[in-house]
Every structure is written in structure tokens, then in C-alpha cells.
Amino acid sequence: AFQVKIASTGKTYDVAKDQTVVQALQARGVDILTSCEQGVCGTCITRVLEGEPDHRDLYFTDEEKAANDQFTPCCSRARSRLLVLDL
Ligand code: FES
């Protein structure tokens, strides 16, 4: 499990092993627009201010993934214990 922090509110949320970041936030009333939910379309792309995403999408190039400044919360996770999201 890891945590995501919403930069605009400073609130931190746990993401359980069996849920996506989108699901974890939605359960607390924070909605992220999604479409494919499989890492293909790019609809859910969210900027990452701190932390290291664990990219599971098929959307970004390797270079974009290595930059660690955005990720797809419908399917990607975190390598670090905390991701700070530009939301
Ligand atoms: Fe399509 Fe996340 S909803 S990439």
C-alpha cells in the first residue's frame, strides 16, 4: 500500500493493494475523469509533484515515464511510499 497526497488540500489518502488510485480517491469524494481505465487513453493523466510513480500504462513513452512528473492513476501505482498529486 502507498499514499497519495492532494497538493491543493494537503489531504493524504491510503491506496490499498486491491484498489487503484482513482478508486481510492473516488471513495473519498475526489473524482478523476477516466475513460479506458486500462492505461491506454490518457484521459486520467495527473501531474505528479513528488514521489516516484510505478507506471503500468501503455500510453507514455519510456522517456515520459522516466521523467516521473505525470502518471495514469487508473492503473499505475507508486514505487515511493507517497505520491503528491497536482490536484
Ligand atoms: Fe485511460 Fe487512465 S483512464 S489511461
| request: Any chance you could count how many residues in region 1-23 are in a loop (DSSP other than H, G, I, E, B), surrounded by 11 or more Cβ atoms within 10 Å (Cβ to Cβ) and not charged (D, E, K, R)? | output: 5
| field | Selection from region 65-87 of residues that are of a type in the set (D, E, K, R) and either more than 12 Å from residue 15 (Cβ to Cβ) or within 16 Å of the ligand (Cβ to nearest atom) (or both) | value | 65, 69, 77, 79, 86
| Name the pairs whose Cβ atoms lie under 6 Å apart, with the first residue in region 1-26 and farther than 13 Å from residue 73 by Cα, the second in a helix (DSSP H, G or I) and aliphatic (A, V, I, L, M), and 6 or more positions between them or separate chains? | 13/24
| remark: Counted residues in region 35-64 being more than 10 Å from the ligand (Cβ to nearest atom), crowded, with 16+ Cβ neighbours inside 10 Å and of a type outside the set (Val, Ile, Thr) come to 3
| request: Output the number of the condition that residue 32 fails; it satisfies all remaining conditions of (1) in a loop (DSSP other than H, G, I, E, B); (2) within 13 Å of the ligand (Cβ to nearest atom); (3) surrounded by fewer than 19 Cβ atoms within 10 Å (Cβ to Cβ). | output: (3)
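We did not get these values from a lab; they are worked out from the coordinates using the rules stated. Fair warning: this is a prediction, and the values are worked out from it, not measured in the lab. With ideal geometry, Cβ positions are generated from the backbone for all residues, glycine too; neighbour counts draw on all protein chains shown.
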